[in-house]
Amino acid sequence: MFTFKNFNIADWFSFYRLFAAPFLLLFIWFDLRLIFTWFLLISYLTDAIDGFLARKLKITSSRGSQLDSFGDQITLVIGLTGLFYFETDFIKTNLILIFIVFIPYIFQMIIAFVKYGKATAFHTYFAKFSAIVQSVFILYSLFFSPNYTLFYIMIGIGLLETFEEVTLIFIYDSWTSDVKGLYWALKDKRRLKKQYKED
């Protein structure tokens, strides 16, 4: 039975990102660029806080990992929506390159749902680094204007992170959360269903 009492403090920071999502969309709708950007910054900060609290207080869980990942994805989509609305010319100019990045990402999402029935929540170091670079680029673009150096760095790191994510999906037979990266995955006993059951 669903009850909010089952959620811990780290989960509530993830909930904030979901709660803030419609308000962020309203800020875009009413063309409130600066307000949108500041609240987007707060959403990004909660992403850092919930993971830190979960590890510090030892309250990590598969549910929390899924909630965190869902909040991240929603915030990323809204951040990109804001970027598209407020920096339309930049997006149109670089549309082909943006699609090149999004096609592998969509492919990764599809194979995750086919294999696991839900999105991944590996939370690798590379994924965290990629998220930081994405947020820095989006926030810098919204506070000031798009920077092509940051843009190309974000594209390159995003592609590498997506390829790592796809590789991990093929490596793990069952849904697994909190994998540090490929190096650690190769030594992780959770990789195979039989090994996971024996443990």
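Here are a few things to note about the model shown:
- Total lysine pairs under 16 Å (Cα atoms) in the range 99-199, excluding pairs fewer than 8 apart on one chain: 4
- Residue order for Tyr183, Tyr44, fewest other beta carbons within 10 angstrom first, comes to Tyr183, Tyr44.
- Neighbour counts of C-beta atoms inside 10 Å place Tyr152, Tyr16 in the sequence Tyr152, Tyr16, starting with the fewest.
- Residues Leu18, Leu34, Leu83 arranged by fewest to most Cβ contacts within 10 Å: Leu34, Leu18, Leu83
- From the alpha carbon centroid of the range 33-50 to that of the range 81-140 is 17 Å.
- Computed from phi, the 3J(HN,Hα) profile of the range 177-190 under the Karplus parametrisation 6.51, -1.76, 1.60 (θ = phi - 60°) reads 10, 6, 9, 5, x, 4, 4, 6, 4, 5, 9, 8, 5, 6 Hz, with x in place of Gly and Pro.
- Between Ile157, Leu142, Phe15, the Cα set farthest toward the positive side of the dipole of the range 7-167 (charges on each charged residue's Cβ, about the Cα centre) is that of Phe15.
Read-outs: derived from the displayed coordinates by stated rules, not from any lab. All values reported here derive from a predicted model rather than from experimental measurement. No Cβ is skipped: glycine too gets one built from the backbone with ideal geometry, and neighbour counts run over all protein chains shown.
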